[in-house]
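Let me begin by presenting the structure, written as structure tokens, before commenting on it.
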Amino acid sequence: MPADGREPEAVRGLHDAVSLLLRADNPFAKAVPPRIVVVMGTVQEIKSAIDQLPLEEHAALGAELCGWTDDDWDLKMKADAKTGKFALLNEEASKAESTL
């Protein structure tokens, strides 16, 4: 902490981001299992921790921090994927990739 007793800007920003993620009305907070919270002191430590997140959590964090929300098209694509609508396309893509 600086000599004047104030938190560095990066730490205040991190606190704001964590507060946003932990709000009760945040669907992301409900979807992620509870974790041990570790206080990180440097931007590099935060970046390193983010890099270690699973791909879906990394993407969700980026979307949350940037204020991105799913539009109708995104919601339709996710619903179609859950029902297996893209199974044939995924299979064809896998076959094509294996021939490269």
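Observations
- Boolean, Asp74 is farther than 19 Å from Asp16 by Cα, outside the structural domain of Ala17 (by TED's automatic domain parsing), in contact with a Phe, Trp or Tyr (Cβ under 7 Å, 6 or more places away or on another chain) and assigned to a helix (DSSP H, G or I): no
Yes/no matrix, rows are residues, columns are (1) in contact with a Phe, Trp or Tyr (Cβ under 8 Å, 6 or more places away or on another chain); (2) of a type in the set (Lys, Arg); (3) modelled with pLDDT under 85:
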residue: Asp25; (1), (2), (3): no, no, yes
residue: Ala29; (1), (2), (3): no, no, yes
residue: Gly41; (1), (2), (3): no, no, yes
residue: Lys47; (1), (2), (3): no, yes, no
residue: Glu56; (1), (2), (3): no, no, no
residue: Asp80; (1), (2), (3): yes, no, no
residue: Leu89; (1), (2), (3): no, no, no
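- Close pairs from segment 72-91: first surrounded by 10 or more Cβ atoms within 10 Å (Cβ to Cβ), partner among the aromatic types (Phe, Trp, Tyr), Cβ under 9 Å, at least 6 apart: Met77/Phe86; Asp80/Phe86
- Test result for Thr99, out of contact with any Phe, Trp or Tyr (no Cβ under 9 Å at 6 or more places or on another chain), modelled with pLDDT of 90 or more and on the phi < 0 side of the Ramachandran plot: no
The values are calculated or read from the model by the stated rules, or taken from the named source; none is laboratory data. Just so you know, these numbers come straight off a predicted model, no measurement behind them. All Cβ positions, glycine included, derive from the backbone under ideal geometry; neighbour counts span all protein chains shown.
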